[in-house]
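Notes follow the structure.
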Amino acid sequence: MKNICIFGDSVAKGVVYDEARSKYVFLKNCFVNMFAQKANLPVKNYARFGCTVEKGIEIINRHRDELLSFSHTVLEFGGNDCNLNWREISCSPHETHLPEVPLQQFKETYLKIINIIKSAGSTPVILSLPPLEPEKFFKWVSQGLNRENILKFIGEIDAIYRWQESYDTAVKNLAKIHAIRLVDIRDAFLKEGAYSDFICRDGMHPNEKGHALIHKLIEQQVLLPLRLNHQES
């Protein structure tokens, strides 16, 4: 079994919000670290806080020559791509406000990333987006802002969930169309029912309990098949 690498944003980097310390911290028991320990192989983590597919493709191209040494390259993007400038929305709710990376551009760039990884000789694995918890997220992003104006723009708080879900749908469609292994984090969270328990106070980052759930899913869908393939070879 060869090594594995991962590119993505703060979720893959293991960033959580520590309520006791009122700040973001790196979780020691994040799903990437737990996977590396359970699999007993190093996982090179190239994820970056705030990363979008546009920043991600730059990072991947810088490490393109290294990809052949990784049997699998895990991708986790979308959470920052769909985000909006809430301060600008608060000031001008009737104006047009684009996301960090518009949806069509997101899909096109994500496909380029997939093709780069394939051409480099590594096998891509895609993680879906963990669901936003809209009530928590709205309270978080609207702190110190005009919440009434933000609601004028989005219509209703649940629209935040559906907006982010459209990026998740795009990720899943890419995986299906191009026959890429998909680890459906979102589905696993939603099956828990009260998935808010797995999300940090900010409504977007999985907490320690959420990372444990992601690890369990990856262990079942990635680690076990890898081990079986290794034994057969």
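Among the conditions (1) surrounded by fewer than 18 Cβ atoms within 10 Å (Cβ to Cβ); (2) free of Cβ contacts under 8 Å to residues at least 60 places away in the same chain, V101 misses just one, which is (1).
Considering the conditions (1) buried (at least 19 other Cβ atoms within 10 Å of the Cβ); (2) within 30 Å of K2 (Cβ to Cβ); (3) of a type in the set (D, E, K, R), E108 is excluded by exactly one of them, (1).
Restricting to the range 198-222, name every residue that is farther than 16 Å from C30 by Cα and among the charged types (D, E, K, R).
Within the range 198-222, the first condition is being farther than 16 Å from C30 by Cα, and the residues that meet it are 201-203, 220-222.
Once the filter is applied, which keeps residues that are farther than 16 Å from C30 by Cα and among the charged types (D, E, K, R), the range 198-222 yields R201, D202.
For the range 141-181, residues that are in contact (Cβ under 8 Å) with a residue 12 or more places away in the chain, farther than 30 Å from H94 by Cα and of a type in the set (D, E, K, R) total 2.
Results for (1) modelled with pLDDT under 95; (2) loosely packed, with under 13 Cβ neighbours inside 10 Å; (3) under 29 Å from H97 (Cα atoms), shown as yes or no for each residue.
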site: I160; (1), (2), (3): no, no, yes
site: T169; (1), (2), (3): no, no, yes
site: A175; (1), (2), (3): no, no, yes
site: I180; (1), (2), (3): no, no, no
site: E208; (1), (2), (3): no, no, no
site: H211; (1), (2), (3): no, no, no
site: E219; (1), (2), (3): yes, no, no
site: L226; (1), (2), (3): yes, no, no
site: H230; (1), (2), (3): yes, yes, no
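The set of residues from the range 5-38 being in a helix (DSSP H, G or I), buried (at least 19 other Cβ atoms within 10 Å of the Cβ) and among the small types (G, A, S) comprises S10, A12.
In the range 8-55, what residues are under 19 Å from T123 (Cβ atoms) and touching a Leu at 6+ places or on another chain (Cβ under 6 Å)? Selection gives A39 alone.
The criterion of at least 3 residues that are over 25 Å from L190 (Cα atoms) is met by the following helices (runs of 4 or more DSSP H) wholly inside the range 79-159: 86-91, 103-119, 147-154.
Could you tell me whether A120 is small (G, A, S) and in contact with an Asp or Glu (Cβ under 9 Å, 6 or more places away or on another chain)? The answer is yes for A120.
Among the residues of the range 39-56, those that are in a helix (DSSP H, G or I) and either at pLDDT 95 or above or in contact with a Cys (Cβ under 6 Å, 6 or more places away or on another chain) (or both) comprise V53, E54, K55, G56. When we screen A159, A179, A194 for residues that are among the aliphatic types (A, V, I, L, M) and on the phi > 0 side of the Ramachandran plot, the only hit is A179. Residues that are among the acidic types (D, E) and either closer than 19 Å to F138 by Cβ or at pLDDT below 95 (or both) occur at least once in the range 19-36.
Scanning the range 105-157 for residues that are closer than 27 Å to D202 by Cα, of a type in the set (G, A, S) and in contact with a helix residue (DSSP H, G or I) (Cβ under 7 Å, 6 or more places away or on another chain) turns up S128, S142. Screening V25 with (1) aliphatic (A, V, I, L, M); (2) in contact with a Phe, Trp or Tyr (Cβ under 7 Å, 6 or more places away or on another chain); (3) free of Cβ contacts under 8 Å to residues at least 24 places away in the same chain gives one miss only, at (2).
The values are calculated or read from the model by the stated rules, or taken from the named source; none is laboratory data. As the structure is a computational prediction, the values presented were derived from the model and not from experiment. No Cβ is skipped: glycine too gets one built from the backbone with ideal geometry, and neighbour counts run over all protein chains shown.
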